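The values are calculated or read from the model by the stated rules, or taken from the named source; none is laboratory data. Predicted model only: the values in this text are computed from it and were never measured. Using ideal geometry, Cβ is built from the backbone for each residue, glycine included, and neighbour counts are taken over all protein chains shown. These area figures cover heavy atoms from the full protein model, side chains too; ligands, DNA and RNA do not enter into them. Shrake-Rupley method; radii C 1.70, N 1.55, O 1.52, S 1.80 Å.
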Amino acid sequence: MANPEHWKLLGTPGWNEWRVKNSNVTPDLTGADLAGMDLSGKDLKRADLTRADLSRATIAGTDFTRATLRHTKWEGVSGPGAIFEHCDLDFLDFSKAFFAGGRFRSASLQSCVLAGTDFAGADLSFTRLEGADLSGANLAGAVLKDVNFRGIKLANAHFDGADLSRAVFE
């Protein structure tokens, strides 16, 4: 269960300032119902969001770097420019999510459902995608350096203008 103080504070404009003043505190938002909330620009680095519901949330520019996101719900999420660097996102369903311009460097998205997800212009360098389903995903202009695409479902995925330096497809 989420820490009630953290959950209440998250919905205020003072959240990021509180994070700066309390940098040693790991925000506990386990099981929090964040569905439909506007969390744009929030600092959620290293936060524990295990089992949180982020369905239909707006997370534009939100920083989830190294956050714990196991068993989270993401239906209909909109996160242009959201940051998921060094996150373990394995087995999550991000179908049709909007992550244009997002940063997923060194994240693990193994066995994720990413069908129809919009990653236009996103940075997915060094991302682990083993077993993922990227069918119909938009990866136009995305940076996909050093990504291994072996065994990944890519039917109808769009790679127009993507940077595939050192990517493996065989």
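Distance from the alpha carbon centroid of the stretch 84-151 to that of the stretch 5-78 works out to 20 angstrom.
Using the Kirkwood radius over C-alpha pairs as Rh, can you work out the diffusion coefficient of the stretch 42-115 via Stokes-Einstein at 4 °C, viscosity 1.567 mPa s, in µm² per second? The partial results should precede the final answer.
Details: Rh = 11.8 Å.
Result for D is 110 µm²/s.
Calculated from the structure at hand, Cα Rg over 2.2 N^0.38 Å is found among (i) 1.01; (ii) 1.23; (iii) 2.51 as (i). In summary, the convex hull built on the alpha carbon positions of the stretch 35-83 has an orientation-averaged projected area of 2.7 nm².
Between beta-carbons, use under 13 Å as the cut-off and find the net charge around residue 57, counting Lys and Arg +1, Asp and Glu -1. For residues surrounding residue 57, the net value is -1.
Approximating the spin labels as points 7 Å out from Cα along Cα→Cβ, the residue 16-to-residue 166 distance works out to 3.2 nm. Amide hydrogen proximity for residue 162: with H placed 1.01 Å from N in the peptide plane, the residues at 5 or more positions away or on another chain lying under 5 Å are 141, 142. Using the Cβ-Cβ distance between residue 71 and residue 5 with R0 set to 25 Å, the FRET efficiency from 1/(1 + (r/R0)^6) comes to roughly 0.65.
The residue among 86, 32, 136 whose Cα reaches farthest toward the positive pole of the charge dipole of the chain, with charges on the beta-carbon of Lys, Arg, Asp and Glu, is 86. Between residue 38 and 58, the built amide H atoms are under 5 Å apart, and every one of these is 5 or more places off in sequence or on another chain. Using the rule -39500 (n - 2.57) for each DSSP H run of four or more residues, divided by the residues of the chain, the 222 nm mean residue ellipticity is -2000 deg cm²/dmol. Taking the accessible area of the stretch 59-139, probe 1.4 Å, and keeping the other protein chains in place, the carbon and sulfur fraction comes to 48%. The dipole here belongs to the stretch 83-170: it is taken about the Cα centre, uses +1 on the Cβ of Lys and Arg and -1 on the Cβ of Asp and Glu, and is about 80 debye.
Protein heavy-atom accessible surface, 1.4 Å probe, per residue over the chain: 47 Å². 3J(HN,Hα) couplings calculated from phi for the stretch 96-112 with the Karplus curve 6.51 cos²θ - 1.76 cosθ + 1.60 (θ = phi - 60°) are, in sequence order, 6, 6, 10, 10, 4, x, x, 10, 10, 3, 6, 7, 10, 10, 5, 6, 7 Hz; Gly and Pro show x. Amide H contacts for residue 31 (H built 1.01 Å from N in the peptide plane; partners 5 or more residues away or on another chain; cut-off under 5 Å): 50, 51, 52.
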